[in-house]
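Inspection log for the structure reproduced underneath, given as structure tokens.
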Amino acid sequence: MIASDTSRWFKWVFSHYNERYLLQRQFHAIDMLGDIDPAPQGRPVLYMMNHSSWWDGLIVYHAIVRDSRREHFMMMDERQMSRYRFFRKIGAFSIDKTSNRGLIESLHYSEQLLKQGHGVWLFPQGDIQHLEHRPLQFQNGIGYLLERCPEAIVQPVTAYYSLGLHQKADVSLLFGSHIQQDWLIENRKHRTARLRSRLEQQLNDHRDLVIDANGEAIVGARSLLHTARSTNEKYDAWKNGVAIWTSFFGR
């Protein structure tokens, strides 16, 4: 397992590179609904999120930098982590899904982070799956962690990507109502199934919000990123400028 080795200096550098180069080149807007910090610092929070894009982790990191006061750590596939080891400097740690020993090591590491009062991010689907794939398929890690750290709060998070009125994609993050309960009253299988159902319902509701917005920002969303005008917007602005010029001076 590759453990996290956070660096305040590297976080500062990477957050600027992530926002100003990576995300601005790929996305028209990134919006957020809900509260990223559902509990005071010191209370462990387990974030569960759907996983439909390579960009998920970078978008989450941008939201953390912009809107959170707590320390966050994120589980990442060991093959990807081995290629991009610098992610450990911003809070990522690896999980080897091909090895039972690797799985247990990463879950124990996650447990220790939670017991220290940190936020830990899981993508319980395990692998990237299409945004519209249903039903969601969960691995058992989240049920195991709540068994070992029953004081944790679960924060469901959904990411939804869409293309519509603009050249580049829009993405929104929805932080739903957090879940706080006695996690030991049901077995691991039922616990995992109920959380899977909860995240799937939130993702469906999130999709409806995006459809209703019809290419605009969802009502009540906060902007985390809004880039310079895309090609179609520049062209429309140019056409409007020509029309105004012609109306005044083209007679």
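The values are calculated or read from the model by the stated rules, or taken from the named source; none is laboratory data. What you see is a predicted model, and the numbers here were worked out from it, not measured in a lab. Don't worry about glycine lacking a Cβ; one is built from the backbone with ideal geometry, like all the others, and counts go over all protein chains shown. Heavy atoms of the whole protein, side chains included, go into the accessibility calculation; ligands, DNA and RNA do not. Shrake-Rupley method; radii C 1.70, N 1.55, O 1.52, S 1.80 Å.
Put simply, of R196, R191 the only residue that is in a helix (DSSP H, G or I) and free of Cβ contacts under 8 Å to residues at least 60 places away in the same chain is R191. Looking only at the range 112-161, which residues are surrounded by fewer than 21 Cβ atoms within 10 Å (Cβ to Cβ), over 16 Å from D56 (Cα atoms) and among the β-branched types (V, I, T)? I153 - this is the single residue of the range 112-161 that is surrounded by fewer than 21 Cβ atoms within 10 Å (Cβ to Cβ), over 16 Å from D56 (Cα atoms) and among the β-branched types (V, I, T).
Residue-wise test of (1) open to solvent by less than 20 Å² (accessible area, probe 1.4 Å); (2) of a type outside the set (A, V, I, L, M, F, W, C).
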site: A3; (1), (2): no, no
site: E19; (1), (2): no, yes
site: V45; (1), (2): yes, no
site: H62; (1), (2): yes, yes
site: R83; (1), (2): no, yes
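Considering the range 1-98, the qualifying helices (runs of 4 or more DSSP H), each wholly inside and each with 2 or more residues that are among the basic types (K, R), run over 8-17, 78-83.
Counting only residues that are of a type in the set (G, A, S) and either touching a residue at least 24 places away in the same chain (Cβ under 8 Å) or not in a loop (DSSP other than H, G, I, E, B) (or both), which one in the range 99-110 is surrounded by the most Cβ atoms within 10 Å (Cβ to Cβ)? By that ranking, first place goes to S110. Look at (1) touching a residue at least 60 places away in the same chain (Cβ under 8 Å); (2) over 18 Å from the mean Cα position of the chain (by Cα); (3) farther than 24 Å from I30 by Cα and you find that I142 fails only one, number (2).
If the condition is being assigned to a loop (DSSP other than H, G, I, E, B), small (G, A, S) and more than 23 Å from Q41 (Cβ to Cβ), then the range 147-186 contributes only G164. Filter the range 179-220 for residues that are β-branched (V, I, T) and under 18 Å from the mean Cα position of the chain (by Cα); which is surrounded by the most Cβ atoms within 10 Å (Cβ to Cβ)? By that ranking, first place goes to V210.
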